[in-house]
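Reviewing the structure listed below.
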DNA sequence: ACTAAATAATTCGATATCGAACAATAGGAG
DNA sequence: CTCCTATTGTTCGATATCGAATTATTTAGT
């Protein structure tokens, strides 16, 4: 990397960070029951991939300390959005299952986001977003693979 | 927004979130003295804009609750990276000043990031990043302005 | 000048995050 | 089987985040 390119990459990640913060705040403001992005992310993952995952699997999927996930799962369970049952295949681990309420909450959260997205979509048409998304997806996969 | 475009925007912000998390973790791993991105962001802001800002100004610049900033500033002050002095123009507020150590720590942090960026730059040349950066900057400004 | 409303920062309490240490179980080597 | 190591999840302690209430000061209205 040429030295004069450093600010470019720096600024890139900087903008990513700010957009993430703004987007996150906007979405969390619409979440009911004091739930946060971490909770939503887990529920969404269980629907996208499949429920019945072990906590460790989920933590790895998000590159997240498993100790943080324990706490997030506890919050979801307390609110009745997931159920944790023993794993018959391995006495050490558990399996995480969505409840009806969990599935419904996730759907409602996504519907709520639509309102936010519509505002963005007014100014940024799908083609532009899709264009940038290609790079972002590629970059995410690269960074994910580059983790030691 | 057409309904079938919703997943596109959703996925876009999702990738932003993951990249942010991966980038953040990689950078924080290099920060000395247990400092976090929040600390770096404040120091960097004081250099970019100008030090002597009031806490409220800084909090607004980051769309961040001022109560969180109080805590971040306390951490920076405890480590001698900033100094807070009374504001002669307004008895309610204070002004935040960088110390030599604060400035040096920020420079070292950026230098450390260079190593991470170089890996990314191998696979993603400046032109591609600059291209995406244009959209991101525009989007960030838009979202920033759209805040109520 | 006096009072009321607005503003700056902090304190408080509840929750989140995360590294280190831990208990329980699994699995492999002998 | 027994011992040793690896793996899974939790607990614990320290710090971070953030909304609500609080204190001090300024500004606006009269």
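Among the residues that make up segment A:84-107, is at least one of them within 14 Å of chain B (Cβ to nearest Cβ), surrounded by fewer than 18 Cβ atoms within 10 Å (Cβ to Cβ) and more than 27 Å from residue B:24 (Cβ to Cβ)? There is at least one residue in segment A:84-107 that is within 14 Å of chain B (Cβ to nearest Cβ), surrounded by fewer than 18 Cβ atoms within 10 Å (Cβ to Cβ) and more than 27 Å from residue B:24 (Cβ to Cβ).
Reported count of residues in segment A:17-41, each being out of contact with any helix residue (DSSP H, G or I) (no Cβ under 6 Å at 6 or more places or on another chain), free of Cβ contacts under 8 Å to residues at least 40 places away in the same chain and away from DNA strand D (no atom under 11 Å from the Cβ), is 1. May I ask you to verify whether residue B:132 is free of Cβ contacts under 8 Å to residues at least 12 places away in the same chain, within 16 Å of DNA strand D (Cβ to nearest atom) and surrounded by 18 or more Cβ atoms within 10 Å (Cβ to Cβ)? Judged against the criteria, residue B:132 is not a match.
Against the list (1) within 12 Å of DNA strand C (Cβ to nearest atom); (2) within 14 Å of chain B (Cβ to nearest Cβ); (3) crowded, with 16+ Cβ neighbours inside 10 Å, the condition residue A:27 fails is (1).
Among the candidates A:121, A:111, which residue alone is assigned to a helix (DSSP H, G or I), without any contact (Cβ under 8 Å) to a residue 60 or more places away in the chain and buried (at least 18 other Cβ atoms within 10 Å of the Cβ)?
Within the list A:121, A:111, the selection yields A:121.
Tell me whether segment B:4-20 contains one or more residues that are facing chain A (nearest Cβ under 10 Å), within 13 Å of the chain's Cα centre (by Cα) and assigned to a helix (DSSP H, G or I). Checked against the condition, which is being facing chain A (nearest Cβ under 10 Å), within 13 Å of the chain's Cα centre (by Cα) and assigned to a helix (DSSP H, G or I), segment B:4-20 yields at least one hit. Filter segment A:65-89 for residues that are part of a loop (DSSP other than H, G, I, E, B) and touching a residue at least 24 places away in the same chain (Cβ under 8 Å); which is nearest to DNA strand D (Cβ to nearest atom)? The qualifying residue nearest to DNA strand D (Cβ to nearest atom) is A:87.
Kindly establish whether residue B:58 is more than 16 Å from DNA strand C (Cβ to nearest atom) and either within 11 Å of another protein chain (Cβ to nearest Cβ) or under 30 Å from residue A:29 (Cβ atoms) (or both). Talk me through it step by step, then tell me what you get.
On the way: more than 16 Å from DNA strand C (Cβ to nearest atom): no; either within 11 Å of another protein chain (Cβ to nearest Cβ) or under 30 Å from residue A:29 (Cβ atoms) (or both): yes.
Criteria not met by residue B:58.
Going by what's in this entry, would residue B:34 be described as more than 22 Å from residue A:12 (Cα to Cα), modelled with pLDDT under 90, part of a loop (DSSP other than H, G, I, E, B) and within 10 Å of DNA strand C (Cβ to nearest atom)? Yes; evaluated as a whole, the condition is true for this residue.
The values are calculated or read from the model by the stated rules, or taken from the named source; none is laboratory data. Keep in mind the model is a prediction, meaning the values are calculated, not measured. Methodologically, a virtual Cβ is constructed for each residue, glycine included, from the backbone with ideal geometry; neighbour enumeration extends over all protein chains shown.
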